[in-house]
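Novice: Encoded as structure tokens, here's the structure I'll be asking about.
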């Protein structure tokens, strides 16, 4: 086989591979658009989904405000920043779950899913520890801004009794109780 034919064969193989990859990305993007529309709607309306078994609730900012959020302090520590005291306003997760009649018992887990794909899971023990896990709506006296505006909101889940903030979950879109 001549060098020219070998080059043509490699070129057509590369082009075929690229066409298949572009097609696959287009199909996956199309399948994901419904999910993206829901995520945008949730963020813009300051809503999130609360899921428990066969039950699904849409929680609004008004619902959270009806639970009388409290102000509390926490230390924000990350791998790239110094420990910083921060003031938050939010509701204990147990209070939110109780409002919807969702029980937390030994062996339960609570998974927080974020708009950006991040997820954090809490044990029943962590959630049931008083003044430990909060759904926050304010930070340092200011409303949590959405991701598009460079913020952490509209909702941020803070766990106070951990050394680092990597398990905190910003951009909350879904809370799943199992």
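The values are calculated or read from the model by the stated rules, or taken from the named source; none is laboratory data. Keep in mind that what you see is a predicted model, and the values were worked out from it rather than measured. Heads up, the Cβs are rebuilt from the backbone with ideal geometry, glycines too, and the neighbour counts pull from every protein chain shown.
Novice: Consider residue 97 carefully, then state whether it is touching a residue at least 40 places away in the same chain (Cβ under 8 Å), more than 13 Å from residue 176 (Cβ to Cβ) and either surrounded by 12 or more Cβ atoms within 10 Å (Cβ to Cβ) or outside the structural domain of residue 153 (by TED's automatic domain parsing) (or both).
Specialist: Spelling it out, it is not the case that residue 97 is touching a residue at least 40 places away in the same chain (Cβ under 8 Å), more than 13 Å from residue 176 (Cβ to Cβ) and either surrounded by 12 or more Cβ atoms within 10 Å (Cβ to Cβ) or outside the structural domain of residue 153 (by TED's automatic domain parsing) (or both).
Novice: Taking the range 155-168 only, how many residues are within 20 Å of residue 59 (Cβ to Cβ) and either out of contact with any strand residue (DSSP E or B) (no Cβ under 6 Å at 6 or more places or on another chain) or in a strand (DSSP E or B) (or both)?
Specialist: 4
Novice: In addition: Scanning the range 60-96 for residues that are touching a helix residue (DSSP H, G or I) at 6+ places or on another chain (Cβ under 8 Å) and part of a helix (DSSP H, G or I), which turns out farthest from residue 135 (Cα to Cα)?
Specialist: 63
Novice: Conditions first: (1) assigned to a loop (DSSP other than H, G, I, E, B); (2) surrounded by 17 or more Cβ atoms within 10 Å (Cβ to Cβ). Residue 131 passes all but one, so which condition is the exception?
Specialist: All conditions are met except number (2).
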